[in-house]
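Here the structure comes first, spelled out in structure tokens, and everything after it is commentary.
The values are calculated or read from the model by the stated rules, or taken from the named source; none is laboratory data. Just so it is clear, the model here is predicted, and its values are computed rather than measured. Every residue, glycine as well, gets a Cβ built from its backbone with ideal geometry; the counts of neighbours run over all protein chains shown.
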6 protein chains.
Amino acid sequence: MSQPARELSHVDESGNARMVDVSAKDVTARTAVASGRMRTTAEVIGLISGGGLPKGDALATARIAGVMGAKKTPELIPLCHQIALTKVDVSFELEDTAVRIEGMARTSDRTGVEMEALTAVTVAGLALHDMIKAVDPAATLDDVRLETKDGGKTGTWSRDE
Amino acid sequence: MSQPARELSHVDESGNARMVDVSAKDVTARTAVASGRMRTTAEVIGLISGGGLPKGDALATARIAGVMGAKKTPELIPLCHQIALTKVDVSFELEDTAVRIEGMARTSDRTGVEMEALTAVTVAGLALHDMIKAVDPAATLDDVRLETKDGGKTGTWSRDE
Amino acid sequence: MSQPARELSHVDESGNARMVDVSAKDVTARTAVASGRMRTTAEVIGLISGGGLPKGDALATARIAGVMGAKKTPELIPLCHQIALTKVDVSFELEDTAVRIEGMARTSDRTGVEMEALTAVTVAGLALHDMIKAVDPAATLDDVRLETKDGGKTGTWSRDE
Amino acid sequence: MSQPARELSHVDESGNARMVDVSAKDVTARTAVASGRMRTTAEVIGLISGGGLPKGDALATARIAGVMGAKKTPELIPLCHQIALTKVDVSFELEDTAVRIEGMARTSDRTGVEMEALTAVTVAGLALHDMIKAVDPAATLDDVRLETKDGGKTGTWSRDE
Amino acid sequence: MSQPARELSHVDESGNARMVDVSAKDVTARTAVASGRMRTTAEVIGLISGGGLPKGDALATARIAGVMGAKKTPELIPLCHQIALTKVDVSFELEDTAVRIEGMARTSDRTGVEMEALTAVTVAGLALHDMIKAVDPAATLDDVRLETKDGGKTGTWSRDE
Amino acid sequence: MSQPARELSHVDESGNARMVDVSAKDVTARTAVASGRMRTTAEVIGLISGGGLPKGDALATARIAGVMGAKKTPELIPLCHQIALTKVDVSFELEDTAVRIEGMARTSDRTGVEMEALTAVTVAGLALHDMIKAVDPAATLDDVRLETKDGGKTGTWSRDE
């Protein structure tokens with residue numbers, strides 16, 4: 001893996017914000033995975049999982065919010081390029097007092113999709129927050145971070161390395 | 001403060017997602033404050049703060065992303081009502097190895113603006129993530145949560161209570 | 001019920017498109033209900049309903065698309081006013097070879113929400129179309145129409161009258 | 001033409017909504033044509049056509065709504081991929097008591113544009129509905145369906161086959 | 001008319017961008033009119049006006065772009081409040097080698113609609129630019145400015161005063 | 001450079017608006033530069049430049065508005081194709097009583113990016129207008145025009161030729 005840059009790529013030498021020129025970068029397959037964790041209460045986890053009842057729409061709503069959010073990344077993040085995603089996936093794992101969120105984004109383009117994966121996770125997190133805030137107004141979204149990315153010149157990066 | 005509800009307000013008794021009817025609620029002034037913390041490295045904090053140089057656009061970009069993100073809340077969160085905000089504020093505090101983000105939203109409407117404040121924080125956090133990811137791909141957004149809310153029938157809620 | 005107008009309200013006397021001035025209209029509670037029917041095959045109905053398995057996300061996805069679509073009405077329909085909805089509801093009824101879609105929109109504003117109810121139905125219909133097109137490319141959306149509206153100067157209108 | 005799939009492609013084996021991975025599909029020219037019919041009254045058809053007067057903006061407004069709507073397809077339909085259209089066309093044919101709407105979408109991408117053609121038709125239909133609802137609140141959008149598609153692995157599909 | 005402020009209202013004393021708090025302002029009727037002029041060639045004016053032929057969609061397209069653009073003002077301008085417009089009007093006057101554009105916006109809200117009127121004019125201008133650029137790539141949009149505004153605490157302002 | 005067309009490319013022979021078919025055009029690198037000038041007062045220029053104080057967010061806000069506006073071009077201009085920009089740049093030059101705005105857009109696609117460069121300039125201009133209107137309500141945006149474009153079949157065009 002290449003050495004990360006030692007300057008903020010989105011700010012030029014005068015301190016002005018800029019959108020990086022990716023014209024000369026190769027079109028390659030690129031994938032990124034991000035994750036986060038919504039910390040809440042056991043009561044909320046029970047309500048989300050349905051407590052033995054047929055699955056309700058709570059997680060479906062958050063999943064769709066995350067997928068649609070990933071597609072909105074260049075509208076939300078000022079200097080992000082417009083990337084057409086070939087796949088987005090948002091999944092949830094219910095823990096005792098938390099929901100672990102994982103988001104994956106894939107493209108075939110000139111720049112990576114880390115921000116799309118991170119946006120999928122945070123927007124899914126916001127939708128969960130909205131769903132549970134009447135029961136647990138103190139819920140907290142934690143640990144939103146990149147897990148792995150691959151494709152492009154910098155190659156594969158993984159949190160564990 | 002009133003007792004929080006014991007069911008997910010956005011899912012009906014059949015488990016179907018729904019947008020709550022707020023027709024009968026009063027139009028009142030409502031404010032919410034949320035916060036979060038981007039954990040990164042001392043090197044990144046130095047680059048953001050400009051290291052003695054004139055202030056660059058890094059935090060301005062994230063601040064504007066947060067304000068514009070707050071206005072997009074009902075587009076991002078499926079069951080949120082469309083609320084016209086009378087004020088949004090996003091501010092940053094630089095710590096040794098973190099950026100603390102605070103977001104405030106205010107309206108005069110039938111329902112609260114917790115989600116708008118939380119969206120301001122998370123979108124500002126995403127924009128920071130984007131700015132620093134070339135230097136610190138392991139940066140993590142933590143502690144995204146509601147701090148206080150007031151206005152409306154449930155009155156004032158504060159994390160410290 | 002008042003007599004409908006005898007001219008196209010969105011085109012002025014020169015034939016130019018215009019957005020009607022609603023400044024002088026009263027803010028009142030207004031509700032509209034619309035419906036439509038996606039005609040497909042018994043096989044598709046079986047797949048959507050899960051065939052005895054736990055409920056899948058097919059209808060949840062279409063419901064959320066309809067709710068979010070209703071909020072986008074003024075972005076889709078050039079001369080529609082921007083209305084903040086106090087409630088949106090999308091529901092489905094499975095028939096032997098069709099899905100009946102019903103959409104309801106409510107506001108407290110200066111103009112009616114017929115278009116919001118119709119948009120909820122058509123966008124939910126499009127999302128269903130997308131979901132079933134690999135199995136039934138010939139599926140057809142039919143009978144998209146207003147069922148009832150009430151509130152405002154023209155009072156209550158119902159298809160059955 | 002290949003056999004259509006026997007499962008809902010947008011729902012995985014656990015019933016969870018997903019965006020299909022199209023990374024491995026070929027970039028090819030793809031076209032789709034859809035149609036629909038707005039059933040209304042002879043009076044409305046007279047008003048739209050201008051009754052001998054110079055053409056007004058009624059159909060132009062609906063045509064532009066349809067073209068812009070097609071470009072919004074991935075924002076409206078949760079699991080649709082973001083596709084850059086190389087052409088969109090919306091046309092109308094006035095019948096005695098109906099307006100026939102036809103929408104065409106074309107791209108050079110990894111997945112088809114059926115949903116873009118269908119969205120062009122339905123959004124044009126909604127804009128027509130908006131234009132005529134003061135005169136004919138009972139107007140109905142019918143027969144929204146795919147006519148033909150070609151390009152991609154499944155080849156050409158036509159309603160008449 | 002009151003004296004204009006002597007500082008940039010959207011930047012606080014630390015130089016940070018901010019959205020002004022309008023919570024305490026009165027809800028009143030507010031109107032603004034702006035104008036601009038697209039300078040082009042006599043040939044283009046001939047093509048737009050149809051040269052004796054039935055009116056084409058050129059100006060209708062630009063008019064609708066301007067109306068829809070006005071509704072997008074808070075998405076385009078970072079610190080603008082979200083205002084529901086009760087009327088938008090865009091009109092054109094053909095001169096020998098120019099198109100004069102006028103945009104009007106009206107609301108009943110806590111803050112003025114100057115930016116909405118200016119956005120209507122500039123987006124209509126951009127749509128005209130797009131329409132004529134193949135014939136006159138040198139076309140220039142000039143004189144985009146506020147003409148009048150009224151309503152709110154500052155009362156009526158007019159360019160002629 | 002090729003001769004410009006002698007008809008409006010976005011209107012067909014019946015006068016109907018249309019989106020041009022670019023399917024058969026080559027994917028090539030394309031760049032466009034546009035400019036404009038906001039005429040205001042010496043006082044405003046002093047406030048924007050900070051008068052010896054550290055740089056405030058005024059120009060940063062307008063720059064980001066311009067970059068984000070460029071990405072929204074196909075949403076604003078009805079018949080524009082959806083183009084993924086590989087770079088957008090917005091810069092300002094402070095003159096005695098004016099701000100000169102320059103916008104650059106680049107892509108690798110089937111059609112040019114003149115409209116994206118012009119949209120960057122006009123949206124940056126609108127954001128400046130918003131920032132200064134309390135001090136100078138008479139500010140005027142002038143001279144919005146294409147400076148150069150290159151790439152594609154028509155080759156290089158420059159205002160000076």
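Is at least one residue of the range C:36-45 buried (at least 21 other Cβ atoms within 10 Å of the Cβ), at pLDDT below 95 and farther than 25 Å from D:Leu47 by Cβ?
yes
Test D:Ala134 against the stated conditions and say whether it is within 11 Å of chain F (Cβ to nearest Cβ) and either in contact with a strand residue (DSSP E or B) (Cβ under 8 Å, 6 or more places away or on another chain) or without any contact (Cβ under 8 Å) to a residue 40 or more places away in the chain (or both).
So D:Ala134 fails the test.
A:Val27 - would you say it is out of contact with any Gly (no Cβ under 9 Å at 6 or more places or on another chain) and aliphatic (A, V, I, L, M)?
yes
So, of the residues in the range D:93-108 that are of a type outside the set (A, V, I, L, M) and surrounded by fewer than 21 Cβ atoms within 10 Å (Cβ to Cβ), which turns out to be nearest to the chain's Cα centre (by Cα)?
If we take residues in the range D:93-108 being of a type outside the set (A, V, I, L, M) and surrounded by fewer than 21 Cβ atoms within 10 Å (Cβ to Cβ), then D:Glu102 is nearest to the chain's Cα centre (by Cα).
Which of the residues belonging to the range E:121-161 are assigned to a strand (DSSP E or B), out of contact with any helix residue (DSSP H, G or I) (no Cβ under 6 Å at 6 or more places or on another chain) and charged (D, E, K, R)?
If the condition is that a residue be assigned to a strand (DSSP E or B), out of contact with any helix residue (DSSP H, G or I) (no Cβ under 6 Å at 6 or more places or on another chain) and charged (D, E, K, R), then E:Asp142, E:Asp143, E:Arg145, E:Glu147, E:Asp150 are the ones that fit.
Within the range F:29-87, can you find the residues that are closer than 20 Å to E:Val123 by Cα and polar (S, T, N, Q)?
F:Ser35, F:Thr61, F:Thr73, F:Gln82, listed by residue number.
With respect to the numbered conditions (1) closer than 19 Å to D:Val123 by Cα; (2) in contact with a Lys or Arg (Cβ under 9 Å, 6 or more places away or on another chain); (3) among the polar types (S, T, N, Q), which one is the sole condition not fulfilled by C:Thr122?
All conditions pass for C:Thr122, except number (2).
Can you tell me which condition B:Lys71 does not meet? The list is (1) over 13 Å from the mean Cα position of the chain (by Cα); (2) modelled with pLDDT of 95 or more; (3) within 8 Å of another protein chain (Cβ to nearest Cβ), and all the others hold.
(1) is the only condition that B:Lys71 fails.
Scan the range B:114-125 and give yes if some residue there is away from chain E (no Cβ under 13 Å) and in contact with a Pro (Cβ under 7 Å, 6 or more places away or on another chain), otherwise no.
no
Could you list, in sequence order, all residues of the range B:19-74 that are charged (D, E, K, R) and more than 28 Å from B:Leu85 (Cβ to Cβ)?
B:Arg39, B:Glu43
List pairs: first residue in the range B:75-94 and more than 9 Å from chain E (Cβ to nearest Cβ) and without any contact (Cβ under 8 Å) to a residue 24 or more places away in the chain, second residue surrounded by fewer than 24 Cβ atoms within 10 Å (Cβ to Cβ) and of a type outside the set (Gly, Ala, Ser) anywhere in the structure, Cβ distance under 6 angstrom, at least six positions apart or on different chains.
As it stands, the answer is B:Glu93/B:Arg100, since those pairs meet every condition given.
Across the range A:95-113, which residue is farthest from D:Ser9 (Cα to Cα) among those that are within 13 Å of chain D (Cβ to nearest Cβ) and among the hydroxyl-bearing types (Ser, Thr, Tyr)?
A:Ser108
In the range D:100-120, how many residues are of a type in the set (Asp, Glu), within 19 Å of D:Glu75 (Cα to Cα) and touching a helix residue (DSSP H, G or I) at 6+ places or on another chain (Cβ under 9 Å)?
Result for the range D:100-120: 2.
Of the residues that make up the range E:14-28, is at least one more than 30 Å from B:Gly66 (Cβ to Cβ), more than 8 Å from chain F (Cβ to nearest Cβ) and touching a helix residue (DSSP H, G or I) at 6+ places or on another chain (Cβ under 9 Å)?
no
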